[in-house]
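Asker: Below is one structure. I have some questions about it.
The values are calculated or read from the model by the stated rules, or taken from the named source; none is laboratory data. All figures in this text were calculated on a predicted structure; none of them were measured in a lab. Counting neighbours? That spans all protein chains shown, and the Cβs are built from the backbone with ideal geometry, glycine included.
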Amino acid sequence: MSNSLKRLLIGRPLHNEEMVREKLPKWKAMSIFSSDPLSSIGYGPEQIVLILTVPWAIAYGYAWMVAVAIIALLGIVTLSYTQVAQANPGGGGSYSVAKKNLGETAALTAAAALFVDYILTVAVSISSGTDAIVSAFPVLSDYRMSLNLFVLFGILMLINLRGVRESSNAFVFPTYAFIFGILALVASGFYHISSSNSVIIPQTSLERQPLDWTLLYLVLRAFASGCSSMTGVEAISNGVPMFKPPEVRNAQLTTYWMSSILVVMFSGITLLILHNHLVPVKNVTMLSQLAEATFGRSSMYYFIQFATMLVLYLAANTAYNGLPPLLSLLARDRYMPRYLSARGDRLTFHNGIILLSIIAAVFITIFHGNTEHLISLYALGVFLSFTIAQAGMVVHWRREKKTGWVPRAFLNGLGAVVTGIVVVIIMVAKFLYGAWLILLVIPLLIYMFKRINRHYEDIRAQLALPPDQITSSAEGSNIVIVPVAGVTRVVASTLNYAKKISERIVAVFVATDEESARKVKEKWQSWNPGVRLIVLYSPHRAVTAPLFRFIEKVERKKGPDDYITILIPEFETKEWWHRLLHNQTGFLLRTLLVFRKNVVVTVVPYRLEK
């Protein structure tokens, strides 16, 4: 991508100091973090009725019971996650809680569960959004997959690459327009009920067969699918640092607002579906049927359909604000490739955003954008992470034992038990419909996390510089510049070589923040290799540009017969796939510098044995 096109699509680079301007007020945070759970009104109630209206069973009457159980569960999870936000102001949600209180395996299980859930959030939200617009305009049915992929890459990925402020501005109107449309639909529906003096729930919607094992399984399946309305509730606790101060208090209030609005909309829509005794119709969502029954094919009907389409598309943004920061934490803990922890030009975790988009596209393509099939995989991951988070919070309160810790621990313990039961229900009810795949993927992800971590630990052990390391002196006349990324054995090996060919040696470190600059300076002074270290500060996180400017400055000052030698320290991994876990800065420097006149570029390799 050329630089001019990149700037057009993504925008100008942001300075590190502009990070504070990316903080969100509560009303904007609602549009970013709540779009996933709120938008589930577009498919959650429908999934309950869809499963309970099978031809061989009269199970419609169980729908209201399932809805009440989901609302009660939402209340418990909401209260529990406000405590997660309080205990983990640095964000990270279930992963951070488990890491601090339950150990590595529990933390990686939570991370794997969230990874799967966020991917499915994107796939389900986009597919449901397309379903909503196809319901209003059936002629678009043949273009379903094209619409899905265009929205994924052409809108969501680009908006999120532009940064938090850009995405919050883009999502405010659709989210609040959807809330207005659904509340207007509920209010109008109840007005029609009261003015017509009709029964709120007709007898046909209350009929049900006696509960036997077969029917119980059906009801549990409906409950498991309806729980998809609760996905995304944890996103606010994952993103506490993105709120304006006081971060924790604002995050808690936003959680309460979100859950209150969700309860009103979920219960209202479910009640109106029961009142109208709606049944599944091919290529028409129940929300579309309900809007048409209430408003007819009026402008209000189309407003609700467009608002539903937009908010379902943008609901995927909950994943874009949850998964990249989680991947960043995993990368810092050496469980994912390190480059996933780096912020891009727009202060976003751009590599995580791109990775999320690609994997979500794979899921959408494999399942052909079928919402019902995707939802069969949904909710298990998020409830597993719910359970781990609540169990971790119980350990947290018992360890802290601050005033009032007993009721808090009881609340989180209750949440852990309830969501743990839900995990079992979802596993049983959805096992044959795709849950088996999630149960396979989560252990594979945990295995991948541990293999990556082992690789990084092997590298750390091999590159760590012993305190008694002594470098030999050398003579030479070249001006040798050694770009360094820290104090390691590969740097020591490169400096040893540099001293063999020159006495004029300088090491250069490009710092993207003051903290990294301070740490490298302290380590360099402690090591004292006899080579001057120059630190170049890059507030826009560019590495090559500051180094090139420094080389140009040296070129202007050097004598006519002098040469500049750039020695690039580089370690060679044992396995080819290990290379994929590291950035390619050395290769980029080598490629760009080799064409410069009077500049010799040499790679000094250091081969790893593990």
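Asker: Between a residue in segment 279-308 that is of a type in the set (D, E, K, R) and any residue that is modelled with pLDDT of 85 or more, which pairs come within a Cβ distance under 7 Å, given they are 6 or more apart or on different chains?
Answerer: Glu292/Tyr301
Asker: With respect to the numbered conditions (1) part of a helix (DSSP H, G or I); (2) modelled with pLDDT under 90; (3) out of contact with any strand residue (DSSP E or B) (no Cβ under 8 Å at 6 or more places or on another chain), which one is the sole condition not fulfilled by Ala251?
Answerer: It fails just one condition, (3).
Asker: Next up: Hey, among Gly322, Gly296, which residue is out of contact with any Pro (no Cβ under 6 Å at 6 or more places or on another chain) and either surrounded by fewer than 21 Cβ atoms within 10 Å (Cβ to Cβ) or not assigned by TED's automatic domain parsing to the domain that holds Val382 (or both)? Steps first, please.
Answerer: Working: Gly322 fails: either surrounded by fewer than 21 Cβ atoms within 10 Å (Cβ to Cβ) or not assigned by TED's automatic domain parsing to the domain that holds Val382 (or both).
The match here is Gly296.
Asker: In this structure, does Ser288 turn out to be hydroxyl-bearing (Ser, Thr, Tyr), surrounded by fewer than 22 Cβ atoms within 10 Å (Cβ to Cβ) and in the same structural domain as Gly44 (by TED's automatic domain parsing)?
Answerer: On the way: hydroxyl-bearing (Ser, Thr, Tyr): yes; surrounded by fewer than 22 Cβ atoms within 10 Å (Cβ to Cβ): no; in the same structural domain as Gly44 (by TED's automatic domain parsing): yes.
No, not satisfied.
Yes/no matrix, rows are residues, columns are (1) outside any helix (DSSP H, G or I); (2) closer than 21 Å to Thr130 by Cβ:
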site	(1), (2)
Gly268	no, no
Leu272	no, no
Val279	yes, no
Ser288	no, yes
Arg297	yes, yes
Phe303	no, yes
Thr308	no, yes
Leu314	no, yes
Pro324	no, no
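Asker: Inspect segment 177-185 for any residue being surrounded by fewer than 17 Cβ atoms within 10 Å (Cβ to Cβ), outside any loop (DSSP other than H, G, I, E, B) and at pLDDT below 85 and give the result as yes or no.
Answerer: No, that holds for no residue.
Asker: If a residue counts only when it is free of Cβ contacts under 8 Å to residues at least 60 places away in the same chain, which strands (runs of 3 or more DSSP E) contained entirely in segment 489-608 have at least 3 such residues?
Answerer: Working: elements: 504-511, 532-537, 564-572, 599-607.
It comes to 504-511, 532-537, 599-607.
Asker: Of the conditions (1) at pLDDT below 85; (2) touching a Ser or Thr at 6+ places or on another chain (Cβ under 9 Å), Ser472 fails just one. Which one is it?
Answerer: (2) is the only condition that Ser472 fails.
Asker: If I filter segment 57-95 down to residues being assigned to a helix (DSSP H, G or I) and polar (S, T, N, Q), which single residue comes out as surrounded by the most Cβ atoms within 10 Å (Cβ to Cβ)? Write out each step before concluding.
Answerer: If we filter segment 57-95 for residues that are assigned to a helix (DSSP H, G or I), which is where we start, we get 60-87, 93-95.
Next, from what is left, pick out any that are polar (S, T, N, Q): 78, 80, 82-83, 86, 94.
Details: Thr78: 22, Ser80: 25, Thr82: 21, Gln83: 22, Gln86: 16, Ser94: 33.
Restricting to residues being assigned to a helix (DSSP H, G or I) and polar (S, T, N, Q), the top hit is Ser94.
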